[in-house]
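The structure under discussion appears below in the form of structure tokens.
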Amino acid sequence: KQWYQRRVRGDKMRSMLHNRKFHVSFKVKRIISLVFGVVVMLGSGTLYGFGVVGPSLKDRLHYDQTDINQAIAIGDSGIYLGISMGYLFDRTGPRLTCLVSSLLVFLGYLFTYFQARGSFHPHWLLLSFFLFLVGQGSFGAFSASLFSNFQNFDHTHRGKISGLLLGAFAISSGIFAKIFDFSFRDNGNVEGYLLMLAFLLGIGIFLGSFFIQILPRDEEVIFSGELKGRLELVGSMPKENFLSKFKGKSKELFKGSLSPKKEKP
């Protein structure tokens, strides 16, 4: 009996320490995932502000207004037709989705930079394809950031988390439009702006793949830790001590379930 009580006290202490360490680790990982989720969201809405570059590209590539509008519209459709990136997220999770998204955004803006320099044929369909790649990558990064962090919080905080992430996505285009106005518009450096987008957004989403994650639920892991401790306790008890706890009680335990019920007259 004394041995059993000592084991129970030790098991409770280990369970408390395990739960406390897990709780701190869970909170830290959840906050880190949220911070990088905001960073990724700030780089996922830049395509909506691509219109500030439109007049400069139109003059440089000799487009008319219809061509540049169609190219931007097809690029935006890459965000709306996001079922491919959604399928990738459902199958593989946020890490691979962010990696693929960073590659798509990087290549899309990099190819647009080369086209603005005259390295590619200046047809508007080619520009549309490059912007479509950016749209697909933007939706993949959006999905990985929003849905992963949404699942890391319980229902009492999910509205605030969604508002924070969607707010970062909404102001993304405005922030980069101001960057273009203050740093690139006066000297007409459209190529520098596109090259900055390629590397800055590609690296930002790439880093998000290492820190954005879907964490196990707090209560489930704590329960599994307690259950594991109980099973280890039962497995480590001597056979005679374990059986003595139930000796003489098995008949009482199963008496009601095994005995036939008497029918009332």
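The values are calculated or read from the model by the stated rules, or taken from the named source; none is laboratory data. Worth saying up front: this structure is predicted, and the values here are computed from it rather than measured. Reconstructed Cβ throughout: ideal geometry from the backbone, glycine too, with neighbour counts over all protein chains shown. The accessibility values were calculated without ligands, DNA or RNA, using every heavy atom of the protein model including side chains. Shrake-Rupley method; radii C 1.70, N 1.55, O 1.52, S 1.80 Å.
For region 177-202, a tally of residues being part of a helix (DSSP H, G or I), more than 17 Å from LEU133 (Cβ to Cβ) and not aromatic (Phe, Trp, Tyr) returns 9.
Checked against (1) over 16 Å from SER173 (Cβ atoms); (2) open to solvent by 30 Å² or more (accessible area, probe 1.4 Å); (3) of a type in the set (A, V, I, L, M, F, W, C), LEU57 passes all but condition (2). Going by the structure shown, is TYR109 open to solvent by 60 Å² or more (accessible area, probe 1.4 Å) and either part of a helix (DSSP H, G or I) or modelled with pLDDT of 95 or more (or both)? No. Looking across region 113-132, just one residue is among the polar types (S, T, N, Q) and either touching a strand residue (DSSP E or B) at 6+ places or on another chain (Cβ under 8 Å) or under 13 Å from GLY78 (Cβ atoms) (or both), and that is SER128. Out of curiosity, is VAL40 open to solvent by less than 40 Å² (accessible area, probe 1.4 Å), assigned to a helix (DSSP H, G or I) and not polar (S, T, N, Q)? Yes, satisfied.
Residues in region 156-211 that are open to solvent by 20 Å² or more (accessible area, probe 1.4 Å) and of a type in the set (S, T, N, Q) were compared, and the one that is farthest from LEU34 (Cα to Cα) is ASN187.
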